[in-house]
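The values are calculated or read from the model by the stated rules, or taken from the named source; none is laboratory data. Fair warning: this is a prediction, and the values are worked out from it, not measured in the lab. Please note that ligands, DNA and RNA were not included when accessible areas were found on the heavy atoms of the full protein model with its side chains. Shrake-Rupley method; radii C 1.70, N 1.55, O 1.52, S 1.80 Å.
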Amino acid sequence: TQLLEQSPQFLSIQEGENLTVYCNSSSVFSSLQWYRQEPGEGPVLLVTVVTGGEVKKLKRLTFQFGDARKDSSLHITAAQPGDTGLYLCAGARSGGGADGLTFGKGTHLIIQP
Amino acid sequence: DTAVSQTPKYLVTQMGNDKSIKCEQNLGHDTMYWYKQDSKKFLKIMFSYNNKELIINETVPNRFSPKSPDKAHLNLHINSLELGDSAVYFCASSQDATDTQYFGPGTRLTVL
């Protein structure tokens, strides 16, 4: 079973601070996706990283895929209350196939004004 | 237009009852999924369907049965509901198994 470990599980910080969320696995993934879920809604895709070492930026969010494609990180600069939510990483199984995505357990992020 | 829709949004029922949750996607995707999200927000895949064929079925009790009348619909039927079935159930779809998944708004099931 491929597992994705996310850390931290919970994070509460003040507005304006920076933070990093980690997603680690012992398995190689063909791609890794980051989702954000707000209360009462389904997860929504933020970004997909495919190439080892890839870095993608989405405004104040920076996503990185590890060189070995086993881990990823999400860095938020100058966090804002609107960033509050559950952040989920999800890995696509190497070699494709029809097994779908493996989700991490998520990071609950609270940004206090 | 809603890409992935689920009904009902909330479902409260007694233990032992049988219930269904409906899901429809208008994205033309080939693969649809059902996930269960527990109270700790852990999202666990239950089923996926590709062109009416069940592809994966994680360790889900056989009281749960997905039914796909066509490519745009994947309904979830649950027999003999138990207290432990209380959770939020999400439907999702994607073009193929490793593509972006588009989630529905979820159905909060409460079994009393």
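With a cut-off of 8 Å between alpha carbons and a minimum separation of six or more residues, what is the relative contact order of chain A in percent?
Values: 299 pairs, mean separation 41.0, N = 113.
Taking the mean separation of contacting Cα pairs over the length of chain A, I get 36 percent.
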| How about region B:81-112: which of its residues lose at least 40 Å² of accessible area in the presence of all protein chains relative to their chain isolated, using a 1.4 Å probe? | B:97, B:98, B:100, B:101, B:103
| remark: In whole percents, the bins of 10 Å from zero upward hold the Cα-Cα pairs of chain A as 15, 49, 29, 6, 0
| Which value, in square angstrom to the nearest 100, describes the accessible area buried between chains A and B on both sides, using a 1.4 angstrom probe? | 1500 Å²
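Please list B:52, B:41 in order of solvent-accessible area, largest first, computed with a 1.4 Å probe with all protein chains present. Before the final figure, lay out each step's value.
Values: B:52 125, B:41 75 Å².
So the residues, ranked largest to smallest area, are B:52, B:41.
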| query | In chain B, how many lysine pairs have Cα atoms under 22 Å apart, counting only pairs 8 or more places apart or on different chains? | reply | 27
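Normalised by the number of residues in region A:13-60, what is the relative contact order in percent for Cα pairs under 8 Å and 6+ residues apart? Spell out each step's value before the answer.
On the way: 31 pairs, mean separation 12.4, N = 48.
26 percent.
Using a 1.4 angstrom probe with every protein chain in place, what is the largest-first accessible-area order of B:55, A:110, B:45?
Working: B:55 55, A:110 90, B:45 20 Å².
If we order B:55, A:110, B:45 from most to least accessible, we get A:110, B:55, B:45.
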| For the protein assembly as shown, what proportion of DSSP beta bridges, expressed in % and rounded to the nearest 5, is antiparallel? | 90 percent
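Return the percentage of antiparallel bridges among DSSP beta bridges fully within chain A, rounded to the nearest 5 %.
Given both bridge residues lie in chain A, the antiparallel proportion sits at roughly 90 percent.
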| request: Report relative contact order for chain B in percent, whole number only (criteria: Cα-Cα under 8 Å, sequence separation at least 6). | output: 37 percent
